[in-house]
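The structure appears right after this line, and notes come after that.
The values are calculated or read from the model by the stated rules, or taken from the named source; none is laboratory data. As the structure is a computational prediction, the values presented were derived from the model and not from experiment. Please note: Cβ atoms are built from the backbone with ideal geometry, for glycine as well, and neighbour counts cover all protein chains shown.
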Amino acid sequence: MGHLRFLTAGESHGPALAATIEGVPAGLLLTADQIAVDLARRQRGYGRGARSTSIEQDRAEILAGVRHGLTIGSPILLLIRNRDWDNWTRVMQVEPLTKEEAAELAAMAEAGDKKAAPITHLRAGHADLAGAVKYGFDDVRNVLERASARETAARVAAGAVARALLARLGVDVWSFTAEVGGVAYGPEAAARPRAETEASPLRCPDAAAEERMVARIDEARTAGDTVGGVVQVVATGLPIGLGSHVHWDRRLDAALAGAVMSIPIVKGVEFGLGFEQTRHLGSAVMDVIEGRDPDGAWRRHTNNAGGLEGGISNGQPIVLRAAVKPISTLPRPLPSADLVSGEPVEKGHYERSDICVVPATGVVAEAMVCLTLADFVLDKFGGDSIVETADNLARYSAAGAAGADSRRPRRSGGAAPAESE
């Protein structure tokens, strides 16, 4: 990212999570209530565990970059306090342990407090082994605290800032659950309106399919297992021209895929028809360009490319799907090995787990899409204030509606140069 940058900080059971967002133009309306909407959406969903549904009630405090409800062009600092921190103060304290504190921690572990004991039983599917070997740790706690999906709360808060910017420019980003545990929604049966879908247990627009998805989650819970699925993200209102074909790192599709793939539980990303295109002839999957409408919009009847061609937005909705793997922390842990001894152990470490996080992953994917699109919008249209950005976009869109000839360079006398010049 170049024009809009963000970083997150914090551990799963530390005092708080934080996000810094730099590059947001001045004059954008932004409040904690706006951010709270997406944070609440991330915590909901059938199959979530106790921490998401009852322990944490996430709300971001805006500590910098906003005055009287408007951004002021400086970096925005967000803080999300972990309510569970009160139960982890000795285990996760920042300052060095005194002899008395170290003895207290050892006594807690000896008394059976699992969170006080070093973690050496590795979990398959997590960053435990790779992270511990990479950084030279003998306690997996140092890895899992940051590798935890809890970090995505900070991403969602940052994404809400980007969403506010995009909304000011007429861009909307939304997701829904397309599949859980092999049960897929039917596009022809997706009759639920958006508000009703949002309020449903799994954020699925197909009510009948959602019932089967819920049953699949219940089966996994009974078996002490977990299930994954597929989320679909749709972005509308984007102009033609975000991204570029000229270099790999300027391609919008590559940036979106990388951003969504950075979500720990996502293992695949596709646009439009995605892998399905490989099963058809080219003539059957290309989106035929049928001409321009009176308002200047280019007309097509299909969107198999998912709104992106040559790494550039083509004016159609961007449609992205992400494969969400089953959660690695199983209620009935798999056999594993010990980090220190290298010997097999009966089961890996277990720490609170959800059964299914597909709906929540959709909200996190929205955040990453919003942050990426906002960066590319600012790259294209610039602006130190949101009014300037909006004006630049409006002029660009008006020129596009007027036709390609309106953008060609002119001679001082007003005549367009010949093609050979």
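Numerical summary
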| read-out | value |
| --- | --- |
| Candidate set: region 363-407, residues that are free of Cβ contacts under 8 Å to residues at least 60 places away in the same chain and acidic (Asp, Glu); chosen: the one surrounded by the most Cβ atoms within 10 Å (Cβ to Cβ) | Asp391 |
| Tabulated pairs, region 143-163, first more than 13 Å from Arg123 (Cβ to Cβ), second surrounded by fewer than 24 Cβ atoms within 10 Å (Cβ to Cβ) and of a type in the set (Gly, Ala, Ser), C-beta under 6 angstrom, 6+ apart or interchain | Glu145/Ser12; Arg150/Ser12 |
| Checklist (1) at pLDDT 95 or above; (2) over 22 Å from the mean Cα position of the chain (by Cα) applied to Pro187, failing item | (1) |
| Whichever residue in region 286-302 is in contact (Cβ under 8 Å) with a residue 24 or more places away in the chain and assigned to a loop (DSSP other than H, G, I, E, B) and, among such residues, is surrounded by the most Cβ atoms within 10 Å (Cβ to Cβ) | Asp287 |
| Filter result (at pLDDT 95 or above, surrounded by fewer than 19 Cβ atoms within 10 Å (Cβ to Cβ) and touching a strand residue (DSSP E or B) at 6+ places or on another chain (Cβ under 9 Å)) within region 123-145 | Leu129 |
| Of residues in region 240-250 being surrounded by fewer than 21 Cβ atoms within 10 Å (Cβ to Cβ), of a type outside the set (Ser, Thr, Tyr) and touching a strand residue (DSSP E or B) at 6+ places or on another chain (Cβ under 7 Å), the one farthest from Arg203 (Cα to Cα) | His245 |
| Members of region 58-113 found to be acidic (Asp, Glu) and closer than 24 Å to Arg150 by Cα, listed by number | Asp58, Glu61, Asp84, Asp86, Glu95, Asp113 |
| Subset of region 377-414 that is closer than 25 Å to Arg292 by Cα and assigned to a loop (DSSP other than H, G, I, E, B) - its residue that is modelled with the lowest pLDDT | Arg410 |
| Any hit, region 64-77, residues being at pLDDT 95 or above and either closer than 19 Å to Ser12 by Cα or over 35 Å from the mean Cα position of the chain (by Cα) (or both) | yes |
| Test: residue in region 46-60 that is assigned to a strand (DSSP E or B), closer than 23 Å to Pro359 by Cβ and touching a Leu at 6+ places or on another chain (Cβ under 8 Å) | yes |
| Tally, over region 303-362, of residues that are free of Cβ contacts under 8 Å to residues at least 60 places away in the same chain and within 30 Å of Asp293 (Cβ to Cβ) | 6 |
| Among residues of region 262-285, those that are surrounded by 15 or more Cβ atoms within 10 Å (Cβ to Cβ) and free of Cβ contacts under 8 Å to residues at least 40 places away in the same chain, counted | 3 |
